[in-house]
1. Of all residues in segment 54-74, which are within 31 Å of the chain's Cα centre (by Cα) and either at pLDDT 85 or above or among the aliphatic types (A, V, I, L, M) (or both)?
2. Among the helices (runs of 4 or more DSSP H) confined wholly to segment 75-170, which include 3 or more residues that are modelled with pLDDT of 80 or more?
3. For segment 103-130, how many residues are more than 25 Å from M148 (Cα to Cα) and either surrounded by 14 or more Cβ atoms within 10 Å (Cβ to Cβ) or of a type in the set (V, I, T) (or both)?
4. Starting from segment 1-24, keep only residues that are more than 22 Å from Y62 (Cβ to Cβ) and among the aliphatic types (A, V, I, L, M), then list their pairs with residues that are part of a helix (DSSP H, G or I) and open to solvent by 50 Å² or more (accessible area, probe 1.4 Å) whose Cβ atoms are within a distance under 7 Å, requiring at least 6 positions of separation or different chains.
5. For the list (1) open to solvent by 20 Å² or more (accessible area, probe 1.4 Å); (2) modelled with pLDDT under 85; (3) touching a Lys or Arg at 6+ places or on another chain (Cβ under 9 Å); (4) in a strand (DSSP E or B), I need the number of the one condition that A33 fails.
6. Here is a list: I78, I85. Which entry is open to solvent by less than 60 Å² (accessible area, probe 1.4 Å), within 30 Å of R170 (Cα to Cα) and among the β-branched types (V, I, T)?
7. Does K45 satisfy the criteria of being within 26 Å of E93 (Cα to Cα), modelled with pLDDT of 85 or more, open to solvent by 60 Å² or more (accessible area, probe 1.4 Å) and of a type in the set (D, E, K, R)?
8. With the condition kept exactly as written, say whether any residue in segment 89-102 is within 30 Å of L10 (Cα to Cα) and surrounded by 12 or more Cβ atoms within 10 Å (Cβ to Cβ).
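The values are calculated or read from the model by the stated rules, or taken from the named source; none is laboratory data. Every value quoted in this text rests on a predicted model; they were computed, and no experiment measured them. Counting neighbours? That spans all protein chains shown, and the Cβs are built from the backbone with ideal geometry, glycine included. Just so you know, the surface numbers come from the protein's heavy atoms only, side chains and all, with ligands and any DNA or RNA stripped out. Shrake-Rupley method; radii C 1.70, N 1.55, O 1.52, S 1.80 Å.
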Amino acid sequence: MYKPGGAVILINNAAKKLLKVAGLSDIHNMVSAFPELVETLLSLKHGDKKLVKFSSEGETGYLSIFARSFLMREEKYILVSIQNIQAELEEKEMEAWQNLIKVLTHEIMNSITPISSMTATLLDMLGANQAKDSLAENHLGHEELEEMAEALKTIHQRSQGLMNFVNSYRNMTIIPSLNSNCCRFRISSREWKIS
């Protein structure tokens, strides 16, 4: 809580910890550490909600600021709520990446699966004696058949490699389940098991 000029009346322990200050008598005292925050606090009006980027000791994050102004003994005061929302933003970013990976792997697998399946079928057909006989009747020689088989093997191997690659990225979006055998802990002399 502070006056419109910047004189701080009250600051709670959570705000001190967030701003890394032992105490604060005036908002202007933070200008060297948090210039954007000071500018925002001094310009806040009743009901304003702002998002401020901050950096402190190599850490960068975002603060959500909500302001209420009120009169007490005919003096105006501004009460602000300041919350570090960096963890929530990182969580949302991780969710977005996971969703993107899911969509991409789904689309890639939809393209690769038929290629792999058709090449495997064609390889099986080339391997069968009746397929060789019918192709020989269509003027394909033994050398052409071998080249066709090699080309199909290459396509099949590459598509299988791509499918394995995509599956490994798909697995990044899956959170493994806990193994109950490894989730034991000891408090004093008593053992507990998470089930």
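1. At the first step, the residues of segment 54-74 found to be within 31 Å of the chain's Cα centre (by Cα) are 54-67.
Those that are within 31 Å of the chain's Cα centre (by Cα) and either at pLDDT 85 or above or among the aliphatic types (A, V, I, L, M) (or both): Y62, L63, S64, I65, F66, A67.
2. Values: elements: 86-127, 129-137, 142-170.
The helices (runs of 4 or more DSSP H) meeting that bar are 86-127, 142-170.
3. 3
4. Between residues of segment 1-24 that are more than 22 Å from Y62 (Cβ to Cβ) and among the aliphatic types (A, V, I, L, M) and residues that are part of a helix (DSSP H, G or I) and open to solvent by 50 Å² or more (accessible area, probe 1.4 Å), the close pairs are A22/K16.
5. Every listed condition holds for A33 apart from (4).
6. Working: I78 fails: within 30 Å of R170 (Cα to Cα).
Result: I85 is the single residue among I78, I85 that is open to solvent by less than 60 Å² (accessible area, probe 1.4 Å), within 30 Å of R170 (Cα to Cα) and among the β-branched types (V, I, T).
7. Working: within 26 Å of E93 (Cα to Cα): no; modelled with pLDDT of 85 or more: yes; open to solvent by 60 Å² or more (accessible area, probe 1.4 Å): yes; of a type in the set (D, E, K, R): yes.
Judged against the criteria, K45 is not a match.
8. Taking segment 89-102 and keeping what is within 30 Å of L10 (Cα to Cα), we get 89.
When the remaining residues are screened for being surrounded by 12 or more Cβ atoms within 10 Å (Cβ to Cβ), the result is 89.
For segment 89-102, residues within 30 Å of L10 (Cα to Cα) and surrounded by 12 or more Cβ atoms within 10 Å (Cβ to Cβ): present.
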